[in-house]
Amino acid sequence: MQLKHIALASSTEESADRFYQAVLGLKKISKKTVPAALSNQIFSLNSELKIVNYANEDIHFEIFIRDRQSHETHRIDHVCLEVENLEVFLEICRKMEVKIMQVSKGDATITFIKDDDGNLFEIKDIS
């Protein structure tokens, strides 16, 4: 298993730039928007979500730009892990009665699991 990215929230892009670029020394590598329909399926939020990515060769942060009040009521923070074999991993999750969410994104499927405390993990297959 390998850490792919850590997803957190920031109240503004300027605030995120200050922390992730100026404090942590990471590069802003891309921006994207999650459509409202996909945001609703994954996070139960019926609104678009702006994401800014900051990274270096060792770490990748996916920062969702959201106001603080919204973040407190609907958590979007998650850890993204890559596994050797997604199907084997999901079978372990089923046996352990771990909640699995699989969401269609175009031709692809995005997989998330939640631990007993509600922490969200995005799971990707290394292959």
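Among the residues of segment 101-127, the one identified as among the aliphatic types (A, V, I, L, M), surrounded by fewer than 13 Cβ atoms within 10 Å (Cβ to Cβ) and either in a helix (DSSP H, G or I) or in contact (Cβ under 8 Å) with a residue 12 or more places away in the chain (or both) is Ile126. Residue check: Glu122 meets all listed conditions (1) in contact with a Cys (Cβ under 7 Å, 6 or more places away or on another chain); (2) modelled with pLDDT under 90 but one, namely (2). Scanning segment 56-85 for residues that are in contact with a Ser or Thr (Cβ under 9 Å, 6 or more places away or on another chain) and modelled with pLDDT of 95 or more yields nothing.
Residues of segment 2-55 that are among the hydrophobic types (A, V, I, L, M, F, W, C) and part of a strand (DSSP E or B): Leu3, Ile6, Ala7, Leu8, Ala9, Ile29, Val34, Leu49, Ile51, Val52, Ala55. Counting residues in segment 47-63 that are surrounded by fewer than 12 Cβ atoms within 10 Å (Cβ to Cβ), out of contact with any Lys or Arg (no Cβ under 7 Å at 6 or more places or on another chain) and closer than 28 Å to Phe19 by Cα gives one or more.
Scan segment 21-30 for residues that are within 18 Å of the chain's Cα centre (by Cα) and modelled with pLDDT under 90 and the total you get is 0.
Conditions (1) of a type in the set (Val, Ile, Thr); (2) closer than 16 Å to Lys4 by Cα, marked per residue:
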| position | (1), (2) |
| --- | --- |
| Gln41 | no, no |
| Asn46 | no, no |
| Ile51 | yes, yes |
| Glu57 | no, yes |
| His60 | no, yes |
| Ile65 | yes, no |
| Asp77 | no, yes |
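The values are calculated or read from the model by the stated rules, or taken from the named source; none is laboratory data. Computed from a predicted model, the values in this text were never measured in an experiment. Quick reminder, even Gly has a Cβ in these numbers, built from the backbone with ideal geometry, and neighbours come from all protein chains shown.
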